[in-house]
Every structure is written in C-alpha cells, then in structure tokens.
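For reference, the structure discussed in these notes is given below.
Just so you know, all these numbers are worked out from the coordinates, no wet-lab data involved. None of the values given here were measured: they were computed from a predicted structure. Counting neighbours? That spans all protein chains shown, and the Cβs are built from the backbone with ideal geometry, glycine included.
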Amino acid sequence: DNYGDNMQRYFINKENIKNKQIIITGQDAHHIKVVMRMSLDDQVIINTTEGDIYLASISQINKSDVYLQIINSLENTFKPFNLTLGVSMIKKDNFELVLQKVTELGVKAILPLTTERSIIKIDDFSKKLNRYETIIKEASEQSERTILPKIHDLTNLDNLDLTNYNKLIVCYARENDESLSNILEDIFPTDNVLALIGPEGGFSSKEIQKLKSKGFKTVSLGKTILRAETAAIYVTSIMKFIMEAKS
C-alpha cells in the first residue's frame, strides 16, 4: 500500500468493527491520544488479526477509547515466509528480543519449546503469553507487517506436531557434518520449514538423537558458538534471504 509513509498502524480484533466504525481501547487508545497526540480527522492504518487492512480517520476521542471511521480497504501485499522457528525457553530478556526481531524479519510462526536445559518453568509461560503477544503486536506495527506471526503453545520435543512441515532442521553447535548453506540449497519458498534453536546450554545429545529419529537434519551454524538469541536471529535472517532470493 502507498499509505504507509509515517502513518501509525494498529492491530485490532474484527469484533471492534461495526458499521464502518472502529473502536480502539486500552493501550492503543492511550498511544493515539497521549503518545502520538492525534486529533480528529487524523488518519491511521488499521490491521485486523485476520489480515484485513483499512485506512481510517479519527471521528471521536473519549476518555477511555477512540472511534475511527473507515475510509476504504487497502490491499494486503505482505506475505510471511514459510519458517516456523522453534525457540527453547531462554532468559526472559533474550527470549523477548528473539520474539521482537524474528517478527520484524517476517517469520510465519514461533514455537516455544521446553527442553532438558531450558531455564524457565512451564507454569510461567501462560502468565507471560499476554506479554509475548503484545511484543509481537508492537513489533508487527513498527515493522509494518500486516499479518501477525502465530505464537504456538509451549511444547516439548516429544509432543512436536510435525504434520505441517516438509523440512525439519535443528541447529546444533557441535555438529560438523552439514553446514546451513548446504541445507539451504534444498529449500524453496513453497517449503514449510521448522527450524529448532536450543537453549543456553544447547540440546543434549539424547535430544539430538530423538530429533534425528523424527526426521530432523542437524546443521552447524559455523565455527563460532552463537548464543541462543543470536542463533535464532541469524537463522531467520538467512532463511528470509534465501526464500526471497528464490521467489
């Protein structure tokens, strides 16, 4: 769309649209009024979580909400690339950094994993899901992507649902037999890729054997040992480059 230049974007649920009118509440209403100091007739771009996009103008500003009038629909030209990134639960700030950066890079989905060496407890995850979704939403708005990446429920390696993927990769610091560049030669934009990143201490050799038995290929990310968050951003960046170059 050509409307994107410096125009604020907000994600809303479709239920917030009635008769060409949009209601914005909560943090987004605060952002419009207090942070951006917008006034009546100012225009914004609205994305629904289903992928619809609208150009809208402010018609009413109240104490706790903002009303917008839809001007017209815009074409959604954004396509996430077919990478689901499985990320082991790592330290809070690092995990949140990964969520933000891979969202900006255009990843399709994020699959949080609990592994032998994960340092976060499972019962913490559901409490933090709202925060994770907010980080993803804000990163999507900032990077002007118009479809939110899906964040899956926390799972472990035994319960991985592999039905939707045809390329399975696990990044393993100690693996010497296959470099990422070799594996990427065999990956195309139509593939659905699941790439797993281990926690701070890496995957255990037992976990690697388990993943190999499920059809995962182990890949080396080079001679240096990357931190988990660096590996996640590195793999996503390279996948994006390769898939876009081949499309």
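Residues considered: GLU200, GLU229, GLU178. Largest GNM mean-square fluctuation over the chain, using C-alpha springs under 10 Å, is found at GLU178.
With a sphere of radius 14 Å drawn around the Cβ of LYS240, what net charge do the other residues whose Cβ falls strictly inside it have (Lys, Arg +1; Asp, Glu -1)?
Numbers: positive: LYS79, LYS101, LYS108, ARG145, LYS246; negative: GLU104, ASP191, GLU244.
Taking every other residue near LYS240 into account, the sum is +2.
Only the Cβ atoms of Lys and Arg (+1) and of Asp and Glu (-1) were treated as charged; on that basis the dipole of the stretch 2-57 about its Cα centre amounts to roughly 140 debye. Structure remark: mean-square fluctuation, Gaussian network model of the chain, C-alpha springs under 10 Å; the largest value among LEU99, LEU221, LEU184 belongs to LEU184.
Kindly provide the helix-only [θ] at 222 nm of the chain, computed as the sum of -39,500 (n - 2.57) over DSSP H runs of four or more divided by all residues, to the nearest 500 deg cm²/dmol? Could the numbers behind the result be given before it?
Working: 6 runs with 74 residues, N = 247.
That comes out to -9500 deg cm²/dmol.
Comparing ARG131, ARG145, ARG117 in a Gaussian network model of the chain where C-alpha atoms under 10 Å apart are linked, the largest mean-square fluctuation is found at ARG131. In the chain, the longest principal axis of the Cα atoms and the axis of helix 122-143 are about 60 degrees apart.
Taking the C-alpha atoms only, the angle from helix 92-105 to the longest principal axis of the chain is near 70 degrees.
Under the 0.36 nm per residue contour assumption, what length would be gained going from the current alpha-carbon distance of THR155 and VAL35 to full extension? Kindly include the intermediate steps, with their values, before the conclusion.
Details: separation 120, 0.36 × 120 = 43.20 nm, distance 3.74 nm.
Full-extension gain reported as 39.5 nm.
Explain nothing, just the number: dipole magnitude of the chain about its Cα centre with +1 on each Lys and Arg Cβ and -1 on each Asp and Glu Cβ, in debye rounded to the nearest 20. Write out the running numbers ahead of the final one.
Values: 31 positive and 33 negative charges, 99 e Å.
The dipole of the chain has a size of about 480 debye.
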